[in-house]
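J.: Here it is, the structure in full.
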Amino acid sequence: MTSQAAHATQQAQSVRQDRPCPAVPPGTTIGFIGAGNMAGAIVRGAVAAGLTQGQGAARLLVTSPHGSAAALAGELAGQGVEHVAQAQDLVHASDVVVLGVKPTIVPVVFEQLREELAERRALVVSLAAGLTLARLEEMLPEGARVVRAMPNVAAAVGASMTALAASSRASEEDLALVEGLMAAVGRTARIAEKDFSAFVGLAGSSPAFVFTFIEALARAGVLAGIPKAQAVDIVTQAVLGSALTVQADAGAEDGRTPTDLVDAVCSPGGTTVAGLVAMERAGFSNAVIEGVRATVARDHELGA
Ligand SMILES: NC(=O)C1=CN([C@@H]2O[C@H](COP(=O)(O)OP(=O)(O)OC[C@H]3O[C@@H](n4cnc5c(N)ncnc54)[C@H](O)[C@@H]3O)[C@@H](O)[C@H]2O)C=CC1
Ligand SMILES: O=C(O)[C@@H]1CCC=N1
């Protein structure tokens, strides 16, 4: 295991320690096609949540053409994760097939596995941006059961916000199973499929926007004389604390909205309002809104 992966697993375990095991039916075999950032995070999360341990443990199978699946299975050796060399064999053995490949590779994989998917009739789970349930059903054998899940990169530390939507042929049990699996890497929300593109802007892609904000804030700290590593550490805690404050208020009776919270920080004639007004003059809110609009538009293009 790389030190980065070990650190991510350790952090994920500490974030997850009070979360119950995911509600996946006993003995389910879940096969992952592709074992990159997202599938890797889900597999590690499922193992850390205890899905592959004890009575009725699930079996997790992974495959990929480039060595990432073999490396993942090696990292989790003895913990219920097996590498399968051929994707066809993985589909034959799986009750659930999770597609952890880039959206442009999804049609290639479906074409390659058409026969096995038609025979096995496993539940298909897509993590791909842009590809709608209708588009996925079009590419799959007649009658396929499909669930779309849209996690984000925070799945690697058990703090994803994951959207879920099911095709008309998928059952409540199918959706609940995927909900259970994705609960191993954070919070889940069932949303209308029409809102998936907007969700990508707000949660799937937004970690990259927030990382950029953290980087810019830290760089401003360096400009003001603080060493970079210390600036990043300070900013990260400030961003985490701000998010936790919004979350606590949202759950409280008479909780404050983000606008109320901005007002609470802005003393009349003070430092914050001076900074905020300068940021808005430079187009801060508008830049964020335009960024999300472009993300939503790109998600529509990918699905076209
Ligand atoms: N990275 C992110 O933050 C998020 C990604 N997603 C979605 O998750 C999916 C996977 O993205 P990442 O994990 O970031 O990609 P990645 O590039 O990290 O991993 C892709 C995996 O697919 C494998 N692969 C490539 N061609 C293949 C083929 N023909 N057959 C089988 N496996 C193949 C690669 O070896 C690799 O293991 C994408 O559809 C993306 O839209 C969704 C939400 C967030
Ligand atoms: O950019 C992408 O394709 C994926 C979808 C959500 C986050 N990353």
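J.: Are any residues in region 255-273 under 28 Å from the mean Cα position of the chain (by Cα) and open to solvent by 70 Å² or more (accessible area, probe 1.4 Å), and if so, which ones?
T.: Within region 255-273, Arg256, Pro258, Thr259 qualify.
J.: Which of the residues spanning region 143-166 are assigned to a loop (DSSP other than H, G, I, E, B) and either touching a residue at least 40 places away in the same chain (Cβ under 8 Å) or touching a Pro at 6+ places or on another chain (Cβ under 8 Å) (or both)?
T.: Those that are assigned to a loop (DSSP other than H, G, I, E, B) and either touching a residue at least 40 places away in the same chain (Cβ under 8 Å) or touching a Pro at 6+ places or on another chain (Cβ under 8 Å) (or both): Pro151, Asn152, Gly158, Ala159.
J.: Separate question: Going by what's in this entry, would Ala122 be described as more than 25 Å from Val210 (Cα to Cα) and either open to solvent by 20 Å² or more (accessible area, probe 1.4 Å) or assigned by TED's automatic domain parsing to the domain that holds Asn37 (or both)?
T.: Yes.
J.: Is region 128-142 home to any residue that is surrounded by 21 or more Cβ atoms within 10 Å (Cβ to Cβ), within 13 Å of ligand 1 (Cβ to nearest atom) and part of a helix (DSSP H, G or I)?
T.: yes
J.: Quick check, is Arg148 in the same structural domain as Val24 (by TED's automatic domain parsing), within 16 Å of ligand 1 (Cβ to nearest atom) and open to solvent by 30 Å² or more (accessible area, probe 1.4 Å)?
T.: So Arg148 fails the test.
J.: Identify the single condition in (1) closer than 30 Å to Leu117 by Cβ; (2) in contact with a strand residue (DSSP E or B) (Cβ under 8 Å, 6 or more places away or on another chain); (3) open to solvent by 20 Å² or more (accessible area, probe 1.4 Å) that Ala154 does not satisfy, given that it satisfies every other one.
T.: All conditions pass for Ala154, except number (1).
J.: Is region 212-231 home to any residue that is under 23 Å from the mean Cα position of the chain (by Cα), of a type in the set (S, T, N, Q), more than 16 Å from ligand 1 (Cβ to nearest atom) and closer than 30 Å to Ala297 by Cβ?
T.: Taking every residue of region 212-231 in turn, none turns out to be under 23 Å from the mean Cα position of the chain (by Cα), of a type in the set (S, T, N, Q), more than 16 Å from ligand 1 (Cβ to nearest atom) and closer than 30 Å to Ala297 by Cβ.
J.: Now for a separate question. Got at least one residue in region 62-85 being open to solvent by 10 Å² or more (accessible area, probe 1.4 Å), touching a Leu at 6+ places or on another chain (Cβ under 7 Å), part of a helix (DSSP H, G or I) and among the polar types (S, T, N, Q)?
T.: Checked against the condition, which is being open to solvent by 10 Å² or more (accessible area, probe 1.4 Å), touching a Leu at 6+ places or on another chain (Cβ under 7 Å), part of a helix (DSSP H, G or I) and among the polar types (S, T, N, Q), region 62-85 yields no hits at all.
The values are calculated or read from the model by the stated rules, or taken from the named source; none is laboratory data. Just so it is clear, the model here is predicted, and its values are computed rather than measured. Cβ coordinates were reconstructed from backbone atoms using ideal geometry, including for glycine residues, and neighbour counts include every protein chain displayed. SASA here: full protein model, heavy atoms, side chains in, ligands and nucleic acids out. Shrake-Rupley method; radii C 1.70, N 1.55, O 1.52, S 1.80 Å.
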